[in-house]
Amino acid sequence: MSRAVKPGAIDWDVFFRKDDSSLQALLRKSPSLLEMILFIPLCLRLEGFVPGVPVADISAILLSIMAFGRKPKVGWQPAFGYRMLLFAIPAWMAIAGVYNDQLPFTRMGHIVAWALVIAASTSGRLNMRALVGSIGVSQVIATGYGIITLPQSTYPGRMIGMFGDPNTAGLHLLALGLVYAGIAQRNRKYFIVLAISVLGIFLTFSRTTWLGLGLALAWVFIPKNFNVWLKATLLFGVYKAVIGYANDVKNEGSFSDRAGSDHLRSLIVPLEEKLVAENPFTGHGPGTLTVKLGENEFFFHSSYLLLRAEGGWIMFYLMITLVVLTIIKVSHPLSGLPNRYLEATPIAILVCAANLGNVFLSYPACLALAACTWWAHAPGADEEQLAKLDTPVEEDLRASQNKLVNYLAGHENVMAKYDKLEKMEEEASKA
């Protein structure tokens, strides 16, 4: 039920509602502690500490319930087409699962939760201040824990922390670090978190993550007059050149001890290609995450092949279209406020996906796409609205104005009762 407002009084909630939907206002909005807590399992990998419990999926579902319990923000760019493309991913995965008689509940639940978190961001229902707060805490925890456990790493000399392998650790630190760089407020804590993130990325000694970081920074620092397609073409050329050079020197210098892992990859990738070729249209259904080499099973080493393994070429094109569309949207935001760090985030994901399985449907990718779509669809504030944003002074002013309105309303009721009592006394004296 809406709050009743006395005739002639100012409804300050309505007066500020449009302002609260603007990008600038939302960036000043106080984060929700509960939302921050729910974001943390998506930023870290806590399943190793609670075996058998899908902590991240549970948190994602609770976040989605919280988000869709809120009203969508006023004035945001319609995202019907984007959401249709987004939900086509779990829908097609379900079709592929039914067709192949492989529809594991946990994998499908994860994919649905992944899509819901991104969808909630397109209408401003997620608090990005809460997300960047969680990322800041998580980056410090992930890097600190990784350094402490470095002597016990199953990859000698390389940081894995709670993520299981260096490439996965690098993906988390890189993707979420770019989101933090794009949205968090510039202060001392901002630079400390970014420095810790870069340190963690360095300690993974993940060539793929290093390349992703380099290309992301190149995207950030390329001059503004380069359009999106020109930048993408330039970086793709750089990527191919670096990959070619890296293959020539992959077992030299600091990477001289990688011959074994590189040989293993060379054995696994052909098995992945063979598997996807068996059913190119629909794939083998959700949950097709491994290939068998001898008596052992290994996770996919390419997220591009994994998309085809689970959902065929259709799944592959749906996901790549979604990522490319996200880059285009965040490069042309409704507010007109560019954010190069967020623009670079999907680029980093595309790079990491080349040598790591399950990147696209991971929660780092989910949060990266959510942050990009949130920024892309939010309206900007005009000059009049900017003057009313929630700076501390304006917050105090608004609180004082609301108190004044309530006081006057209450005072008016008291005066009316006093006048009525005085009239009754006057009538009694006449009688």
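Computed quantities for the displayed model
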{"read-out": "Hits in the stretch 107-132 (condition: in contact with a Gly (Cβ under 8 Å, 6 or more places away or on another chain) and not charged (D, E, K, R))", "value": "Met108"}
{"read-out": "Close pairs (6 angstrom Cβ cut-off, 6 or more residues apart or separate chains): over 14 Å from Tyr82 (Cα atoms) in the stretch 319-342, part of a helix (DSSP H, G or I) and basic (Lys, Arg) anywhere", "value": "none"}
{"read-out": "Whichever residue in the stretch 290-304 is in contact (Cβ under 8 Å) with a residue 12 or more places away in the chain and not hydroxyl-bearing (Ser, Thr, Tyr) and, among such residues, is surrounded by the fewest Cβ atoms within 10 Å (Cβ to Cβ)", "value": "Lys292"}
{"read-out": "Residue match in the stretch 26-49 (condition: modelled with pLDDT under 85, of a type in the set (A, V, I, L, M) and outside any loop (DSSP other than H, G, I, E, B))", "value": "yes"}
{"read-out": "Neighbours by Cβ (under 9 Å, 6+ apart or cross-chain): first from the stretch 76-89, part of a loop (DSSP other than H, G, I, E, B); second among the acidic types (Asp, Glu)", "value": "none"}
{"read-out": "Qualifying residue in the stretch 52-61 (condition: outside any helix (DSSP H, G or I), within 14 Å of Trp114 (Cα to Cα) and modelled with pLDDT of 85 or more)", "value": "yes"}
{"read-out": "Leu307 more than 20 Å from Ile135 (Cβ to Cβ) and surrounded by fewer than 24 Cβ atoms within 10 Å (Cβ to Cβ)", "value": "no"}
{"read-out": "Verdict on Ile147 being touching a residue at least 24 places away in the same chain (Cβ under 8 Å), surrounded by fewer than 16 Cβ atoms within 10 Å (Cβ to Cβ), more than 21 Å from Tyr341 (Cα to Cα) and among the β-branched types (Val, Ile, Thr)", "value": "yes"}
{"read-out": "Residues within the stretch 69-111 that are surrounded by 13 or more Cβ atoms within 10 Å (Cβ to Cβ) and closer than 20 Å to Met315 by Cα, tallied", "value": "25"}
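The values are calculated or read from the model by the stated rules, or taken from the named source; none is laboratory data. Note that this is a predicted model, so its numbers are computed, not measured. Ideal geometry is used to build each Cβ from the backbone, glycine not excepted, and the neighbour counts take in all protein chains shown.
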